[in-house]
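The structure appears below as structure tokens.
The values are calculated or read from the model by the stated rules, or taken from the named source; none is laboratory data. Keep in mind that this is a model prediction, so the values were computed, not measured. Here the Cβ is made from the backbone with ideal geometry for all residues, glycine too, and neighbour counts use every protein chain on show.
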Amino acid sequence: MKNFAQIISYIFHPIFMVSYGFFFLYVINPYLFSVPNSKAMGVLFIYVFLLSAFFPVLSIVLMKSLGLVNSFKMKERTDRIGPLICTAIFYLWLYVNIYKNPSIPTAFTIFVLGSIIALFIAFFINNFNKISLHSIGVGGALAGALLVKFNYSYNHFSLSIGDIGIYNISINFFLIFVILMVGLVATSRLILKRHKPSDIYGGFFVGLFSQLLAIVFLI
């Protein structure tokens, strides 16, 4: 059971949520992104992945090698300080480059801003309590999915699977998947004994609240 919980924690690690959000928006409607061709779209995705995941992870690896972080699992609150600051810097850099960029849909800009707000809130709370960053990530993901459904009126999207065919999928199906993801991640963190229930609930609330705050700012 612990091995399964660890796999879930890796797959749905908060560092990947921005990249997942970008990919989700592309799947439901590639025309949201005003790029000339698939090659340009690939370059854009790589750019987002580098700033939102690769460089933050690289920074954490460097901090670990320099002894600034005791463990990649960051069991202690003090281990989170440097990684949170570095991740916030890269997210801010990403936001500055996509804000008012006509090639980027507003929904994604909102998601990035919400993630930045969540990082700063998490940094503040981390001084007093070890809030769950995983719960913040999935809470933000749920808020982003709800935004797409209710504000952008997406009820279905088409998924092309090569020679197998094209499938019309309800956005409600995806929402159910995200809700299950929230439950799986929260349960996994409890199984691994990384957090108390209050840390999980608090993280989920921060994730939701941060995205709602970003919506207020940008819509």
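Among the candidates L62, L133, L113, single out the residue that is at pLDDT 95 or above and surrounded by 13 or more Cβ atoms within 10 Å (Cβ to Cβ).
Result: L113 is the single residue among L62, L133, L113 that is at pLDDT 95 or above and surrounded by 13 or more Cβ atoms within 10 Å (Cβ to Cβ).
Across segment 117-130, what is the total count of residues that are touching a helix residue (DSSP H, G or I) at 6+ places or on another chain (Cβ under 8 Å) and either without any contact (Cβ under 8 Å) to a residue 60 or more places away in the chain or basic (K, R) (or both)?
Within segment 117-130, residues that are touching a helix residue (DSSP H, G or I) at 6+ places or on another chain (Cβ under 8 Å) and either without any contact (Cβ under 8 Å) to a residue 60 or more places away in the chain or basic (K, R) (or both) number 6.
Kindly indicate whether any position in segment 40-47 is surrounded by fewer than 16 Cβ atoms within 10 Å (Cβ to Cβ), under 30 Å from K193 (Cβ atoms) and not acidic (D, E).
The answer is no, given that none of the residues of segment 40-47 is surrounded by fewer than 16 Cβ atoms within 10 Å (Cβ to Cβ), under 30 Å from K193 (Cβ atoms) and not acidic (D, E).
Only one of these conditions is not met by I8: (1) surrounded by fewer than 17 Cβ atoms within 10 Å (Cβ to Cβ); (2) farther than 23 Å from I121 by Cα. Which number is it?
(1)
Looking only at segment 72-129, count every residue that is outside any helix (DSSP H, G or I) and of a type outside the set (S, T, N, Q) and tell me the total.
Initially, segment 72-129 is screened for residues outside any helix (DSSP H, G or I), giving 72-76, 99-105, 126-129.
In the following step, the residues that additionally are of a type outside the set (S, T, N, Q) were identified as 72-76, 99-100, 102, 104-105, 128.
Looking only at that region, the number is 11.
Take I81 and tell me if it is of a type in the set (V, I, T), surrounded by 14 or more Cβ atoms within 10 Å (Cβ to Cβ) and out of contact with any strand residue (DSSP E or B) (no Cβ under 9 Å at 6 or more places or on another chain).
Details: of a type in the set (V, I, T): yes; surrounded by 14 or more Cβ atoms within 10 Å (Cβ to Cβ): yes; out of contact with any strand residue (DSSP E or B) (no Cβ under 9 Å at 6 or more places or on another chain): yes.
Spelling it out, I81 is indeed of a type in the set (V, I, T), surrounded by 14 or more Cβ atoms within 10 Å (Cβ to Cβ) and out of contact with any strand residue (DSSP E or B) (no Cβ under 9 Å at 6 or more places or on another chain).
Hey, among the residues in segment 1-55 that are in contact (Cβ under 8 Å) with a residue 40 or more places away in the chain and not in a helix (DSSP H, G or I), which one's farthest from V96 (Cα to Cα)?
If we take residues in segment 1-55 being in contact (Cβ under 8 Å) with a residue 40 or more places away in the chain and not in a helix (DSSP H, G or I), then M1 is farthest from V96 (Cα to Cα).
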